[in-house]
Amino acid sequence: MKPSALQPNRRVISFRSPTAAPLDGGAAPSDDPLIRSPAGLFWLLLHAICCLLSLALGYRFARFLVFLFLFSPSFPLSSPGLLLLHRRPDLPLSLPQPPPPNATASRVVVGRHGIRVRAWPHPDPAEVISAHRILGRVQREQRLQYGVRNPHPLLVVTPTYSRTFQALHLTGLLHSLQLIPYPLTWLVVEAAGRGAASNETANLLARSRLPVLHLPFPGRMPLRWSDRHRFESRMRLHALRVIKERRLDGIVVFADDSNIHSMELFDEIQKVKWVGAASVGILAHSGKLETAAQRQLSKEVEEENSPVPIQGPACNSSDQLAGWHTFNSLPYVNKSATFVGDGGTVLPRNLEWAGFVLNSKLLWKEAEQKPDWVRDLDEVVRNGEEIESPLDLLKDASFVEPLGSCGKKVLLWWLRVDARYDSKFPPGKWENSADLVWRETRARGRDVVYRS
């Protein structure tokens with residue numbers, strides 16, 4: 001029996017190519033009909049053309065996206081057909097227009113593309129004023145909605161005297177007070193040597209558009225800084241007596257004319273019930289001209305005492321009043337100023353009046369729910385005691401309320417900048433009498449300015 005008969009289903013595996021001649025002498029197989037037919041060649045050619053078009057359009061579109069998102073939002077396209085891909089149906093088709101013939105070429109070039117430099121448009125003054133009014137109205141609405149519902153009026157006490165830098169200091173404080181959004185009365189105590197307030201100060205206060213109580217204080221401002229501190233304390237006590245006699249209601253703020261105040265201070269004051277204390281930054285400086293060696297020595301001393309001196313309340317971990325930060329005068333031994341205007345460093349007291357605020361009802365003879373840990377003002381004045389700070393008016397200082405995150409924020413800065421006591425400056429053309437200023441102020445319809 002033949003082997004082929006025994007394996008009828010076994011296939012013969014051949015590795016010959018289709019084009020090879022048959023071994024048994026039979027006829028050669030025919031060619032692929034897809035290659036030989038014209039329809040197959042047409043579809044193959046059409047497929048190749050479509051691939052080339054897709055490659056070209058894909059490269060062009062990718063280049064457009066690269067320049068659109070990375071280089072320039074106004075990339076010029078030479079093909080208007082691509083603009084139709086991103087055109088909104090509600091907008092008309094707009095092609096890039098060539099620049100006018102009289103336009104100057106830009107000198108600012110990024111890569112191959114220039115940037116047209118345009119003139120800065122000046123804002124319209126009417127629109128700016130309208131925008132400021134809108135912002136002011138928004139701030140008022142926010143203050144009414146989120147601010148203090150029933151704010152306490154402020155009684156600002158400022159001691160001053162006629163000197164070279166008086167107009168400079170009072171104008172700065174005046175502008176700060178004009179920004180306060182709460183009702184206030186400005187009590188200006190002026191050292192009047194002849195018993196009457198000066199016309200210069202009266203003229204400046206009349207232009208402030210604030211309710212002012214101008215109080216003359218008998219005596220001239222001393223030339224020694226130690227005597228001046230005590231004299232200013234007596235001036236402040238005089239203002240407190242006026243508040244007590246007239247029963248003025250509000251929070252008393254001791255604002256010196258040369259200090260720098262933060263607007264956040266007046267917001268914190270609204271939280272005070274009886275007596276509050278805020279941290280004061282001390283800007284101690286020297287107006288003396290120094291040599292190079294002295295400047296180097298002063299720089300080394302400042303580096304050793306780099307933290308800015310701070311006066312104010314000291315709190316414990318429970319945000320309770322634990323003590324007081326006072327000014328350390330040891331680094332300024334033999335360097336402090338003795339007279340007003342000399343070249344030494346002007347030093348403050350251990351605790352400045354400017355760091356304290358108090359409720360005016362503490363000064364009244366009879367007030368509702370007045371605490372018993374407050375001393376009577378008349379008794380203090382009658383005994384002739386020297387008052388260095390409002391703490392001397394309290395029997396127990398533990399009731400003081402710390403302000404500004406329990407004294408962690410500096411809300412005002414103490415600064416003393418004064419010219420020499422014998423410096424001369426143009427007196428200016430002042431009115432012979434302050435009565436003309438008061439009449440003009442009332443005639444123009446401004447806020448009433450009070451006079452003692």
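The values are calculated or read from the model by the stated rules, or taken from the named source; none is laboratory data. Nothing here was measured: the structure is a model prediction, and the numbers come from that model. Using ideal geometry, Cβ is built from the backbone for each residue, glycine included, and neighbour counts are taken over all protein chains shown. When the accessible area is computed, the model is the full protein with side chains, heavy atoms only, and any ligands, DNA or RNA have been set aside. Shrake-Rupley method; radii C 1.70, N 1.55, O 1.52, S 1.80 Å.
Some points to look at:
- For residue 226 and residue 334, the difference between the fully extended length at 0.36 nm per residue and the C-alpha to C-alpha distance is 37.4 nm.
- Per residue, the convex hull spanned by the Cα atoms of segment 186-274 measures out at 130 cubic angstrom.
- Solvent-accessible surface (1.4 angstrom probe) belonging to residue 263, in square angstrom, nearest 10: 70
- For the peptides 155-162, 201-208, 326-333, 404-411, the ranking by mean Cβ contacts within 10 Å, running from highest to lowest, is 155-162, 201-208, 404-411, 326-333.
- Filter on 244/395; 365/409; 370/409 - keep pairs with C-alpha separation over 25 Å: 365/409; 370/409
- Relative packing of 138-145, 362-369, 345-352, which averages over residues the other C-beta atoms within 10 Å, highest first: 345-352, 362-369, 138-145
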